[in-house]
1. Rounded to the nearest 0.05, what FRET efficiency do residue 118 and residue 3 give with R0 = 35 Å and r taken as the Cβ-Cβ distance? Could you check?
2. Taking 0.36 nm per residue of sequence separation and subtracting the Cα-Cα distance, how much length would be gained by fully extending the chain between residue 51 and residue 111, in nm to one decimal?
3. Hey, quick one: spin label on residue 69, modelled 7 Å out along Cα-Cβ, who in segment 12-46 has an amide N within reach, i.e. under 19 Å?
4. Cα axis of helix 3-15 to longest principal axis of the chain: angle in degrees, 0 to 90, nearest 10?
5. Calculate the spin-label point distance for residue 279 paired with residue 214, positioning each point 7 Å from the Cα along the beta-carbon direction, and give it in nanometres.
6. So, by mean Cβ neighbours within 10 angstrom, what's the order for 310-320, 293-303 with the highest one leading?
7. Any chance you could run the full-extension gain for residue 318 through residue 38? It's 0.36 nm times the residue separation minus the Cα-Cα distance, nm to one decimal.
8. Taking R0 as 25 Å, what's the FRET efficiency between residue 247 and residue 172 from their Cβ-Cβ distance, rounded to 0.05?
């Protein structure tokens with residue numbers, strides 16, 4: 001259990017007159033308690049009160065695991081024969097009515113909310129995410145260390161991707177080579193890798209069994225997990241005699257990435273970083289082909305706050321960690337994306353990913369060579 005984080009949450013709840021926060025298995029629960037688990041048909045729910053207390057409702061047969069993994073001992077259990085409602089009724093007898101409850105809307109279920117509403121007489125519900133994200137955005141030194149390790153592993157996995165680029169090898173085979181490399185070193189991928197030698201004009205193209213061919217632009221987007229903390233890197237490779245336009249947009253995206261990273265600083269608005277990258281691409285004549293935000297936060301989730309998106313007034317602070325990933329996607333021709341993970345320091349951006357960024361033309365080899 002992370003006592004300091006829980007105390008900060010309690011103070012934030014008090015400041016908003018929120019009685020309690022209910023947290024289901026999620027990144028938020030791991031952040032507060034250190035317990036990594038998953039949603040199932042049997043409700044497992046933690047309640048963090050404005051007074052600083054922590055309670056949980058859980059299946060009786062899971063009680064020992066919950067105590068061990070979360071450090072929470074004030075449990076209200078239920079058996080399969082009773083159903084979850086019995087555990088929630090026991091919780092209600094302990095904490096009474098909850099006038100204003102906070103839950104993360106994107107990590108909550110109606111099931112648990114209705115159980116709380118019926119047992120604790122919840123009068124009003126508010127979103128916990130904006131409150132908890134303020135804490136989670138400012139990464140502690142230990143968290144940054146984990147993020148650095150995850151980024152270093154992603155750099156190494158990207159090297160495996162480049163080493164395996166050859167005519168005839170399939171996108172899936174390249175993805176498997178990178179995944180096997182990471183697994184052999186005790187890590188795992190944080191999301192399904194994108195290796196696209198075709199369909200690169202689609203930002204989230206799926207990896208297929210298509211063999212690589214001469215002239216392909218290969219977009220490789222992957223990430224690694226270290227102790228729950230994630231990385232996310234994208235590089236683009238051109239196989240053989242790529243078109244002049246692909247080389248041109250590669251140079252533009254490289255420059256947009258560089259300028260955006262250099263623009264990062266304390267109290268700089270997230271929307272400004274997006275504007276810097278977007279302006280570079282627009283001035284080159286490709287503005288309409290940069291179709292997504294410039295970046296997203298990284299931490300216990302691959303996508304979290306802060307979001308580097310146009311119009312965002314969020315002021316960057318030391319410890320904020322996020323991606324910078326400008327891209328240009330030309331229908332019928334191909335796409336280029338260059339993505340890095342950066343952490344805000346007192347002097348600017350610390351780039352956690354360092355694999356060479358320039359779009360590289362790869363010498364063609366057959367997969368049997």
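The numbers here are math on the coordinates, done by the rules we state, and not lab data. Since we're looking at a predicted model, the values are computed, not measured. Heads up, the Cβs are rebuilt from the backbone with ideal geometry, glycines too, and the neighbour counts pull from every protein chain shown.
1. The value I calculate is 0.65.
2. 19.1 nm
3. Taking a point 7 Å out along Cα→Cβ of residue 69, the residues of segment 12-46 whose backbone N falls under 19 Å are 22-46.
4. On a 0 to 90 degree scale, this one is about 70.
5. In this crude spin-label approximation the distance works out to 4.3 nm.
6. Descending packing order for the listed peptides: 293-303, 310-320.
7. Extra length available between residue 318 and residue 38 comes to 97.7 nm.
8. Given R0 = 25 Å and the Cβ-Cβ separation, E is 0.40.
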